[in-house]
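Here it is, the structure in full.
What follows is calculated from the coordinates using simple rules that are stated; it is not laboratory data. Predicted model, so just to flag it, every value in this text is computed and none were measured. No Cβ is skipped: glycine too gets one built from the backbone with ideal geometry, and neighbour counts run over all protein chains shown.
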Amino acid sequence: MNVNEELIRYVEREILPRYDAFDRAHRRDHALTVIAASLRLARYYEVNPDMVYAVAAYHDTGLREGRERHHEASARIVRGDRNLRRWFTEAEVATIAEAAEDHRASSGRPPRTIYGRIVAEADRVIDCETTLRRTVQYGLEHAPELDREGQFARFAEHLRTKYGEGGYLRLWLPESENASRLDELRAVIRDDRQLRVRFDELYDDELRREA
């Protein structure tokens, strides 16, 4: 899908660099992954590609105010960015802000619009290796006081709570590849031995990268 070139240049110059200051699981590469996945999913729907792009680009910008309410902060950032009025009406900006707010997996309610469902689905990024690594990275970044066993306990608990059978993760779009990828991830989560082996490999690799 074609996105306005001026909008892309603005986002690449002013918005994406903000991700460089976030934890390793939410850096610029994550934003770019969500943008690409959102635009792929958008092909199945009658939507404005510029709006899809903007939602994906801004969805985690609120992390500068902390993780707990970052989705709400992202919505405020969208509403407060006067530059977006160069490409969008006030109603469109409001929809972009709502979608950015609705992307969070643990929000407890479904996204209000197709734009929210697209970015929420794209943000899942359910690739087994990527999900496991990002979970290790998040623990090292946000709970550095934990030793190896503490990190593993946090890692396993998070994966089971979010991705396990009965977890809070919800998939919103049938066109996504996430359903089959979630099955693969759940197979690892169910296998305690394999889960520990994968954790140790990734944990050691991340420590080497930090050295």
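Classify region 128-210 as rounded, prolate or oblate from the Cα gyration tensor: take a ≥ b ≥ c as the square roots of its eigenvalues, call it rounded if a/c is under 1.5, otherwise prolate when a/b beats b/c and oblate if not. Don't jump to the answer; show the numbers that get you there.
Numbers: a/c = 1.92, a/b = 1.87, b/c = 1.03.
Prolate, since a/c reaches 1.5 and a/b exceeds b/c.
How much length, in nm to one decimal, is gained on full extension between Leu32 and Ala187, taken as 0.36 nm per residue of separation minus their Cα-Cα distance? Write out the running numbers ahead of the final one.
Values: separation 155, 0.36 × 155 = 55.80 nm, distance 2.77 nm.
Answer, rounded to one decimal: 53.0 nm.
Take Lys162, project a point 7 Å from its Cα along the Cβ direction, then tell me which residues of region 136-154 have their backbone nitrogen under 14 Å from it.
Taking a point 7 Å out along Cα→Cβ of Lys162, the residues of region 136-154 whose backbone N falls under 14 Å are 136-143, 154.
Assuming a ≥ b ≥ c are the square roots of the Cα gyration tensor eigenvalues, decide whether region 5-124 counts as rounded (a/c under 1.5), prolate (otherwise, with a/b larger than b/c) or oblate. Could the numbers behind the result be given before it?
Working: a/c = 1.23, a/b = 1.07, b/c = 1.15.
It is rounded, given that a/c, with a ≥ b ≥ c, falls under 1.5.
Follow-up question, since we're still on this one. By how many degrees, between 0 and 90 and to the nearest 10, does the Cα long axis of helix 192-210 differ from the longest principal axis of the chain?
70 degrees
Quick one: angle between helix 28-42 and the longest Cα principal axis of the chain, in degrees between 0 and 90, rounded to 10, please.
60 degrees
I'd like to compare 165-172, 137-144: which one has the highest average count of other Cβ atoms within 10 Å, and what's the full order after that?
Result, highest mean Cβ count within 10 Å first: 137-144, 165-172.
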